[in-house]
Every structure is written in C-alpha cells, then in structure tokens.
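All remarks here apply to the structure that follows.
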Amino acid sequence: MTKYKEVRTTQHESGQEQRVATFKATQIIWLLFGLILGLIGLRVVFKLIAVNPDNPFAALLYKVSDFFVAPFASLTGAPTAGGMVLEISSIIAIIVYLLIAWALVRVVDVLFYRPRGGPVSTKQTIVADQPSQQAPLVDRRTNDDE
C-alpha cells in the first residue's frame with residue numbers, strides 16, 4: 001500500500017471581495033428601483049383599464065405610487081375616454097426613475113469596481129498523511145460457455 005497526502009489549495013484574488021460587494025450593491029439598486037417602476041407601471045395599467053379606485057388594492061396602489069409620481073404630476077395633461085386615463089406623467093416618471101437607477105449603478109461601478117487580473121495568491125495546506133485505501137481487484141468477467 002502506498003501513502004498519499006491530502007492537500008487543499010486555496011486561492012485569493014485581490015479585489016474579489018470588492019467586486020462582490022459592488023455586484024450586490026448594484027443588484028440592490030436595481031431591486032429597489034424595479035419595485036418602484038413596477039408600482040408605477042401597474043398604476044398606469046390600472047388607470048388605463050379604469051380599475052375601480054374604491055377597491056382596497058387599487059386604493060393602496062394609488063396611495064403608494066402617488067409619492068413617486070407627484071413630482072411629475074403637473075408636467076402634462078392626462079387624456080381620458082370613458083373613465084380610462086392615460087397618465088403620460090406616470091410614463092415620464094418611469095423613464096426618469098429608470099435613468100436614475102442606471103446612473104446610480106454606473107456611479108457605483110465606476111467608484112468601487114476593481115477589474116480582474118490582479119495578483120493571485122495561492123496557499124496549499126497538507127491536511128493529513130493517509131494510507132492508500134485501494135480496493136482489491138475483482139474479476140468481473142462472466143463465463144457464458146459453462
């Protein structure tokens with residue numbers, strides 16, 4: 001029986017933790033702005049199909065999204081037809097918030113991202129010397145002639 005050594009190798013690349021943190025920060029930005037954009041988008045659809053504003057869910061949606069749409073509310077008129085409303089100001093709000101999210105992600109990338117290609121340190125650790133546990137050879141041939 002032969003002996004073998006169990007060796008564990010670990011590598012550490014400089015800047016890896018900062019790249020992971022940057023990635024997580026950008027994902028959080030997209031998540032938060034995605035929720036805002038989803039609320040405003042749902043508001044546009046609800047207004048467009050003339051959802052009953054007295055419905056508790058619709059009332060909650062309008063109440064929450066009013067906060068985000070308020071800065072754009074008086075930009076343009078809202079064409080109406082038979083109770084249906086096309087809130088162009090909400091569509092403008094979606095575009096503006098999308099641009100803000102994109103700009104924030106770019107700023108985080110520019111300020112905190114570290115490119116790959118830095119020095120990589122490698123560490124090897126001998127965990128244990130162990131005897132080989134080689135299984136005995138087994139003859140698995142079949143003899144169909146018998």
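The values are calculated or read from the model by the stated rules, or taken from the named source; none is laboratory data. Model, not experiment: these values are computed from the prediction. We place every Cβ from the backbone using ideal geometry, glycine too, and count neighbours over all the protein chains shown.
Look at S90 and say whether it is part of a helix (DSSP H, G or I) and of a type in the set (S, T, Y). Let's see the steps before the verdict.
Values: part of a helix (DSSP H, G or I): yes; of a type in the set (S, T, Y): yes.
So S90 fits the description; yes.
Criterion first (in contact (Cβ under 8 Å) with a residue 60 or more places away in the chain, assigned to a helix (DSSP H, G or I) and under 24 Å from L31 (Cα atoms)) does I100 satisfy it?
Values: in contact (Cβ under 8 Å) with a residue 60 or more places away in the chain: yes; assigned to a helix (DSSP H, G or I): yes; under 24 Å from L31 (Cα atoms): yes.
For I100, the condition - in contact (Cβ under 8 Å) with a residue 60 or more places away in the chain, assigned to a helix (DSSP H, G or I) and under 24 Å from L31 (Cα atoms) - is met.
What is the number of the single condition among (1) farther than 25 Å from Q18 by Cα; (2) of a type in the set (A, V, I, L, M, F, W, C); (3) in contact (Cβ under 8 Å) with a residue 24 or more places away in the chain; (4) surrounded by 16 or more Cβ atoms within 10 Å (Cβ to Cβ) that F46 does not meet?
The number of the failed condition is (3).
Return only the number of the condition from (1) modelled with pLDDT of 90 or more; (2) under 21 Å from Q18 (Cβ atoms); (3) of a type in the set (D, E, K, R) that E87 does not satisfy.
Looking at each condition in turn, E87 falls short on (2).
Collect the residues in segment 51-68 that are over 21 Å from I92 (Cβ atoms) and in a helix (DSSP H, G or I), keeping them in residue-number order.
Within segment 51-68, P56, F57, A58, A59, L60 meet the criteria.
Scan segment 97-116 for residues that are surrounded by 14 or more Cβ atoms within 10 Å (Cβ to Cβ), under 28 Å from R43 (Cα atoms) and of a type in the set (V, I, T) and report the count.
1
Residues checked against (1) surrounded by fewer than 16 Cβ atoms within 10 Å (Cβ to Cβ); (2) at pLDDT 95 or above:
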{"site": "L35", "(1), (2)": "yes, yes"}
{"site": "I40", "(1), (2)": "no, yes"}
{"site": "Q124", "(1), (2)": "yes, no"}
{"site": "P131", "(1), (2)": "yes, no"}
{"site": "P136", "(1), (2)": "yes, no"}
